[in-house]
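All remarks here apply to the structure that follows.
The values are calculated or read from the model by the stated rules, or taken from the named source; none is laboratory data. What you see is a predicted model, and the numbers here were worked out from it, not measured in a lab. Neighbour counts run over all protein chains shown; Cβ positions are idealised from the backbone, glycine included. Areas reflect the complete protein model, heavy atoms only, side chains present, ligands, DNA and RNA absent. Shrake-Rupley method; radii C 1.70, N 1.55, O 1.52, S 1.80 Å.
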Amino acid sequence: MSQIRGNEVMVLISPNHTDWNYQLGEEAIFNISVLKDACPMPQAEVDIEAGPVMYPDVKRSKVVLKDGKMTWKAKMTKEGFYRLKVTAHVGERTYDGLCTIGFAPDRLLPTENCPKDFFQFWKQAYEDASRYPLDAHRKLLPERCTERTMVYEVNFNGINPGSRIYGILCIPTASNIKHPALLRVPGAGVRPYQGDIWMAERGAITLEIGVHGIPVTMQQQVYDDLLHGALNGYWEANLDNRDQMPYKRIFIGALRAVDYLTQLPEWNGKELGVTGSSQGGMLSLVCGALHPKVTFIGAVHAALCDHKASLYGKACGWPHYFYGQKHPNLQKVEVSGYFDGVNFARLLTIPSWFSFGYNDEVVPPNSSYATYNVVKGAKKLSVYPATGHFWFQEQWDEWQSWIAKQLKLEQ
């Protein structure tokens, strides 16, 4: 069956440094091409937006590229990222190109946003939740089982009784050995889950969870209705109240998911990792920082980091709580510190793998680098500059390979 794939017209932008990084004050050169059928398109008309990420200071309209090509120069004297966006107009269609470069990104640091009782608050919240039994239940999903893996939908108590965490548990069928364990934590939104059968078939117990207290095997329409209804904008609800903010329930729910894995008789009592992207990257930071049984994390373009950066004119992490606000609610600013990923990152002492792209328009590389830079434990960074809020196949493969290595699975 034939498929629609790609576009006839492409806007390509490439920097003159292959790692997309520059020293402060160094001049960067972008090469811009508008291609049609892989050839430069004469008299191409484009709009240009350029400047520091989230704060473009140059906008030009109807720039004509005589031979379908042009160069653009940029320079920064402060640590950060510079973004060039080019939009080509061809007939009634528009085509975008994007390139983001870093200036001394290894020197980026987050803005100070750590409450004095940050650790005590989360330690107490987790201890309070741990007083309740998990009251775990599981249901076999025979249609998902394989010869080597048993698959269940499970649920257990989260922050308190009645606040349930649902997920898909996969357990290798080999009963004569104990297994390492992996918790997969979700990105923002609400959706069904299939479970990580692939990693389970390689020999790991896997648990993929949802965080909204509802089963994860319902029809897609249910989740769509919730995202546009009761869960619409949950990530910023009650930001002025640290105890009512949904992420308190969500963070503690992820920690209780680790508890659930540790009580499984099939777990080997040794390797236990947590991994996820975006919101899931943040949840990985939380679990790695607060749960003593977590032995490694893998965080991809972690969201919810460096919230206060925009109050100082710098790119802040998703969900950009205070971006564009001249007079933010001071109570919300204060409470945001309890839900800022950089404060969890500072507590990490276990092996941690980070990955992100410079072209990410959801989680800016500024917040990703600032978060990575404060991690004091063993860490590894794998940047794929051309990616946005997604990953390349090579990036995914590296991610899964690193996890498998930490779980001591055969490669």
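Here are a few things to note about the model shown:
- Heavy-atom surface of the chain, accessible at 1.4 Å and reported per residue (Å²): 46 Å²
- Peptide packing: for 327-334, 187-194, the average count of neighbouring Cβ atoms within 10 Å per residue gives the ranking 187-194, 327-334, highest mean first.
- Protection proxy ranking of 101-112, 340-351, 119-130, 355-366, by the mean of other Cβ atoms within 10 Å over each peptide's residues and highest first, is 355-366, 340-351, 101-112, 119-130.
- Calculated P(r) tail over 18 Å for the range 105-167, as whole % of Cα pairs: 62 percent
- Among LEU183, LEU98, the sequence by solvent-accessible area, most first, with a 1.4 Å probe is LEU98, LEU183.
- The range 149-283: Cα Rg divided by the 2.2 N^0.38 Å rule of thumb: 1.07
- Average projection area in nm² (convex hull over Cα atoms of the range 9-107, one quarter of hull surface): 6.3 nm²
- Rounded to the nearest 10 degrees, the angle from helix 246-262 to the longest Cα principal axis of the chain is 50 degrees.
- Potential extension, PHE121-GLN194 segment - 0.36 nm per residue separation minus Cα distance: 22.9 nm
- With contacts taken as Cα pairs under 8 Å at a separation of at least 6 residues, the chain carries a relative contact order of 13 percent.
- Looking at the chain, the DSSP beta bridges with both ends there are about 70 percent antiparallel.
- Spin-label pair GLU201-HIS327: with each label point 7 Å from Cα along the Cα-Cβ axis, the two points sit 6.0 nm from one another.
- Per-atom-type breakdown for the chain gives carbon and sulfur 50% of the accessible area (1.4 Å probe, protein chains only).
- Taking all pairs of distinct alpha-carbon atoms in the chain, Kirkwood radius in angstrom: 22.8 Å
- Mean residue ellipticity, 222 nm, helices only, the chain: the sum of -39500 (n - 2.57) across DSSP H runs of n ≥ 4, divided by residue count and rounded to 500, is -6500 deg cm²/dmol.
- Folded to 0 to 90 degrees: helix 279-290 orientation relative to the chain principal axis, Cα: 50 degrees
- Distance from the C-alpha centroid of the range 305-326 to that of the range 104-153: 25 Å, rounded to the whole angstrom.
- q = 0.16, 0.20 Å⁻¹: log10 I(q)/I(0) that the Debye formula gives for the range 299-411, counting C-alpha atoms only: -0.76, -1.05
- Degrees, to the nearest 10: 393-406 long Cα axis against longest axis of the chain: 30 degrees
- Residue-span extension gain [GLN244 to SER175] - 0.36 nm each, minus C-alpha spacing: 20.6 nm
- Rounded FRET efficiency, nearest 0.05, which uses the C-beta distance separating TYR312 from SER61 and R0 of 22 Å: 0.15
- Under conditions of 37 °C and 0.692 mPa s, the range 207-313 yields 212 µm² s⁻¹ as its translational diffusion coefficient, taking Rh as the Kirkwood radius over Cα pairs in the Stokes-Einstein equation.
- Rounded to the nearest angstrom and listed largest first, the equivalent-ellipsoid semi-axes of the range 79-141 from its Cα gyration tensor are 46, 27, 10.
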